1. Which ³J(HN,Hα) values, rounded to whole Hz and listed in residue order, are derived for region B:220-231 from phi using the Karplus coefficients 6.51, -1.76 and 1.60 in 6.51 cos²θ - 1.76 cosθ + 1.60 with θ = phi - 60°, glycine and proline given as x?
2. Label point 7 Å out from A:T401 along Cα-to-Cβ: which residues of region A:345-385 have amide N under 13 Å?
3. What ³J(HN,Hα) values, in whole Hz, does the Karplus curve 6.51 cos²θ - 1.76 cosθ + 1.60 give for region B:51-64 when θ = phi - 60°, with x put for Gly and Pro?
4. Which residue is it, in chain B, that holds its beta carbon closest to the axis of the B-onto-A rotation, and how many whole angstrom away?
5. Would you list the P(r) distribution for region B:495-601, with all Cα-Cα distances sorted into 5 Å bins from 0 and each bin expressed as a whole %?
6. I'd like the mean, over residues of A:94-102, of how many other protein chain beta carbons sit within 10 Å of each residue's own Cβ.
7. Could you work out, residue by residue across B:58-66, how many beta carbons of other chains sit within 10 Å of that residue's beta carbon, and then give the average as an integer?
8. What are the residues whose amide H is under 5 Å from the amide H of A:T550, where those residues sit 5 or more places off or on another chain and H is modelled from the backbone?
2 protein chains.
Amino acid sequence: MSNLFLRTLREDPAEAELPGHKLLVRAGYIRRAAPGVYTWLPLGLKVLRKVEEVVREEMDAIGGQELSFPALLPREPYEATGRWTEYGDNLFRLQDRKGADMLLGPTHEEMFTLAVKDMFSSYKELPLTLYQIQTKYRDEARPRAGLLRGREFVMKDSYSFDVDDAGLEAAYQRHRDAYLRIFDRLGFDYVVVHADSGAMGGSASEEFLAVSPVGEDTFVRCEASGYAANVEAVVVPQAPPLSQEVVDATPAARVEDTPDSPTIETLVAQSNALHPRTDGRAWKAADTLKNVVVMLTYPDGTREPLAVGLPGDREVDAKRLEAQVAPATWTPFEEKDFAAYPMLVKGYIGPAMLGETSAERGGSGIRYLLDPSVAHGSAWVTGADEHGKHVYDLVNGRDFTADGTIQAAEIREGDPSPDGAGTLTLARGIEMGHIFQLGRKYAEALDLKVLDENGKLVTVTMGSYGVGVSRAVAAVAEASHDELGLVWPRALAPADVHVLATGKDQAIFEHAEGLVAQLTGAGLEVVYDDRPKVSPGVKFKDAELLGVPTIVVIGRGLADGVLEIKDRRTGERREVAVDEAVTQVLAEVRGEQAVAEAAAARPQA
Amino acid sequence: MSNLFLRTLREDPAEAELPGHKLLVRAGYIRRAAPGVYTWLPLGLKVLRKVEEVVREEMDAIGGQELSFPALLPREPYEATGRWTEYGDNLFRLQDRKGADMLLGPTHEEMFTLAVKDMFSSYKELPLTLYQIQTKYRDEARPRAGLLRGREFVMKDSYSFDVDDAGLEAAYQRHRDAYLRIFDRLGFDYVVVHADSGAMGGSASEEFLAVSPVGEDTFVRCEASGYAANVEAVVVPQAPPLSQEVVDATPAARVEDTPDSPTIETLVAQSNALHPRTDGRAWKAADTLKNVVVMLTYPDGTREPLAVGLPGDREVDAKRLEAQVAPATWTPFEEKDFAAYPMLVKGYIGPAMLGETSAERGGSGIRYLLDPSVAHGSAWVTGADEHGKHVYDLVNGRDFTADGTIQAAEIREGDPSPDGAGTLTLARGIEMGHIFQLGRKYAEALDLKVLDENGKLVTVTMGSYGVGVSRAVAAVAEASHDELGLVWPRALAPADVHVLATGKDQAIFEHAEGLVAQLTGAGLEVVYDDRPKVSPGVKFKDAELLGVPTIVVIGRGLADGVLEIKDRRTGERREVAVDEAVTQVLAEVRGEQAVAEAAAARPQA
């Protein structure tokens, strides 16, 4: 450590918010170069390389072939698939000295597709899985939490190529199994959730989320069934239609005065005060139908309004709506938007003025989509399109119709599981991996075809699979630390052993050097704190901060023939005889490695 | 090979000029993604990684600590050192979504300097050597020859930090030794030459050039003394002044008619025809003084003319002039430039109208620098600043003076060595490594100081050292191939052995698989050509093209208990008994590795 390029900090860095991020900076693993752009210092680079190696081994084990595409890419392939535009501000674009448009690759579907098109032409050459561990770029609006969402980051991306759907399904399953092994080996508490395919296109997709309170993604789980999904991917089932008898028994819709009731809260209060229910129950927010109008903006700049109808006790979930409208983005309806649609009375918008066919009767013509919990035949209190007025007993299907449904309402703890097996709990996670069945979207856009066994040209079907390699370092740091510092799992630790020589006695340093030489000679990686003028207290603090799993302290006890071995993870300390030290440390490190290897070799459920 | 992502080509790719580049593409090692930007296919990536590993081992051996800086960098540090501007069009610049200026790092002096400034503060923490093996970007005007001068490329860059000049000298020497070992191990024919420091600033610098007829760099060597230098770095000694007697004996300068003599050739002809020498010798081009005026453009856009006076038998060397005027670039004087300086008569420009003080007597005021071979006291035939007229016996120092000297004239085969020990030969090379004693330029610009042993702040002195890692792959390909394909040295080959199963007999394939399993089990890397329906001829051709050093052919001979081992490098083939095959292949591969390791371990002269 007297030579190591390392400076530990006692104070939290100003730019860091999350505890793991603070510790990575304080312990000298990473250093910020620009917002969302980090330097890997020597110890950090060692951890990053260990993650890479785990990922590489598991990708090789499923027959993946490693190659490496450039980060600096030409515009044309991304233009062909539409992503040059769709990525919006998230794409780093630049021009070269000749004015040619280029980009920094955010992900490489296009490039892999073109390479396979150029090199392969027959079904005999498939299936094929290619991967790279490479630096990627995304100009995130809010680069966050250090490595968790950086603008330059290391990712493993792989792509499968098959002639038919069964092949894709098998490739997807192989990746899924490999990912389970990868995240087991990295030591995560993780969950596999159904995911939204978003802007990537394609059908089936799952995410591997590291369970963490600091995660950006919300996911749901149902303990009864094992169902798990990213909140964007939860598909709330369509409520079954009410019977015709129920509809027939519902009184005719009627407009009532509800002064000063532009919010659900005021509407419920006014309804209970002025128009009590005849069945004696009180009006609740869930009896009202809220109509939320938003403005969509497509990547090419075109704008289009959208109306969402949902029960008044739920909010629109920003991320769920975002996932549904992608690649468009949405913003709340503004005053100028209302001015363009004078038939929409803010706070009193009703179904009558919404829907694509509403223009015929003087409505807005705005596309109108209902939450699936709004059953056909159900009656609602909703806006009457007039200031201070609402309509009661407006029945879906009898008195109004929408243009379709949308999965945009918030999901709540305790909601029924979409598979009908129980209720949902909510938690947060960090997206560590994502696997997609892309299908033929990219192959069609870039014309990737091969000859099948009958000599006919068929479009190839693809999968796309990512692991956040640099993000994994951050996720482990967030998951595995205490108030003293980082606590690395054995598989990712920057070293196997941290040896401290404490005190001033030359014999202590000499003995420590001998021990370090023996451990290093046996193939272990050792951090050796040989700093001559640093106090034992500072050395202990630094060792806790760095978080190497096994700490060996050589100090005063040496005179009595003992030294101390401490486990950073459990805090357990024990004295061992000097002669036994090497044997014991080796046994500990190798024993854990053997256990980990056995676990990794176990086939997955 | 039936699964490998590889397609060999029989035809040369259109974009390739150099033989090694053509073969790298034909053999499926690399693939162009954009001009100067390449994808590493599976076999190519293996070679690249082997180069990286050699470089890493040798950097670690001299105490280098590996880290990794981002490629996407903020503008400010490069602004502070002036390189944001100085790099001109060679820098890839871009803006992020907030409009902040960023760049793709061409080299990282600034970032390393700032990191050390931030983390270290005392002489006790020095000396320090840091390195990275990382992707770099330069927007080359003429990206050339595939990987030789790419726009995205892999480089090892390292930086040394010392408190004093002796420390820098030692760090430089350690790097020099490490580089000798690196290039020995990579198997280059290389030469270490004195180099020009160019835009990097700093003092001492040497280049490691792979000797190659396709190299972009010209270098000189003196066999007698061992002197070697990049042509830009050759310092022609100042010719000794002629004695006063010689000057006194020189007739007075006189203007003569030399109609139609705007070139040296016509001037010599006219001089011999109209004004023969009195000593009976004929006029030669070397008796004339040619004055070449060029326009310099600085990175900030300012322009300034420059005049170079040199003997008429030499041309200005474009690269030597470029190195002298850097960071400015130069272009020939154009008609509009002549129009701005009407006193300069094209084809008849003489010293009278040149020089900073010439403006006082109606001259151009243009800075005028002489080639060092123009001795003080020497007499010349040169322009008289009037159409069709030249001046004879114009003596340097008597009749005109210049503002200084410049090392811009071409160097020729047979020129005297600058060290006076013999004559120069010229050859071409590929710049594979470059080591610089930067000194305090970057530390001063970015204020990197540490406390010395007396508690005084001193500016750190730095070295900067680069190895072209991806370029090394290209250089080896250019150096090591024949008409059939690539011929990899053992240390860089993508595999140790290439096993061919030829014929249709199932027993052949079964035996080959067994052999591959044994070789792989023994730790060798094997390419196995298991393609069932490919003819032996195609398999042989592909094996020669790929260039793995040892080729094992299993075919008809199997029935007689023999197979063939071929050395791709020597072409030597031998039959061996089936039972002996594994032992013999292992002996060959390991024997060569042992020899290479012994050679690498040998201390350098």
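1. Going residue by residue, I get 10, 9, 10, 5, 4, 10, x, 4, 8, 8, 4, 4 Hz, with x marking Gly and Pro.
2. Within reach of a label on A:T401: A:355-358, A:377.
3. 4, 3, 5, 4, 5, 4, 4, 6, 5, 4, 5, 9, x, x
4. B:L94, 2
5. Spelled out bin by bin, region B:495-601 gives 2, 12, 24, 26, 20, 9, 3, 2, 1, 0 percent.
6. On the way: counts 9, 4, 10, 9, 4, 0, 2, 0, 6.
Averaged over the peptide's residues, the number is 5.
7. Details: counts 0, 0, 0, 0, 0, 1, 0, 8, 7.
For this peptide, the per-residue mean of nearby foreign Cβ atoms is 2.
8. A:H498, A:R568
Every number in this text was worked out from the coordinates using simple rules, so none of it is lab data. Fair warning: this is a prediction, and the values are worked out from it, not measured in the lab. Cβ atoms come from the backbone with ideal geometry, glycine included; neighbour counts cover every protein chain shown.
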